[in-house]
Amino acid sequence: MPMIYKEVEVHVDLYDFDTDDLIKELKSRGVRITAEDSVKELVNAIWAKRRLDRDFSQDLDQLIYEVEDRIL
């Protein structure tokens, strides 16, 4: 039996997919999802502590982990 290949062009918009479905797909591909709000909060905390000349190394370590998924 001969094999037949057919090429089809499909137009898809990301708005056609639910956010939860997109997150599941990214996680299945090994992509780490970082909440933008938590990163903003960490940057604000680092900024505030730096202004007051306080130690912000723990917050900085947490920020690096959130963004890079690495521990120092």
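Within straight cross-link reach of Lys24, meaning Cα distance under 20 Å, which aspartates and glutamates are found once same-chain residues fewer than 8 apart are removed?
Those aspartates and glutamates meeting the cut-off are Asp13, Asp16, Glu36, Asp37, Glu66, Glu68, Asp69.
Work out from phi, with θ = phi - 60° and the Karplus expression 6.51 cos²θ - 1.76 cosθ + 1.60, the ³J(HN,Hα) of each residue of the range 4-14, listed in order in whole Hz, and give x for Gly and Pro.
10, 10, 10, 9, 10, 9, 10, 9, 10, 10, 4
Which order, highest average first, do 26-38, 10-22, 52-64 follow once you tally other Cβ atoms within 10 Å for each residue and take the mean per peptide?
52-64, 26-38, 10-22
Roughly what % of Cα-Cα distances in the chain sit above 19 Å, to the whole percent? All intermediate terms of the calculation are to be shown ahead of the outcome.
Working: 1522 of 2556 pairs.
Counting every Cα pair in the chain, those more than 19 Å apart make up 60 percent.
Which semi-axis lengths, in whole Å and largest first, follow from the square roots of five times the eigenvalues of the Cα gyration tensor of the range 33-72?
The equivalent ellipsoid of the range 33-72 has semi-axes of 19, 12, 4 Å.
On a 0 to 90° scale, report how tilted helix 19-28 is relative to the longest principal axis of the chain, with both axes built from alpha carbons and the result rounded to the nearest 10.
With rounding to tens, the tilt is 90 degrees.
Any read-out appearing in this document is the output of simple, stated calculations on the displayed coordinates, not a laboratory observation. This is a predicted model, so every value here is computed, not measured. FYI the Cβ positions are ideal-geometry reconstructions off the backbone, even for glycines, and counts take in every protein chain you see.
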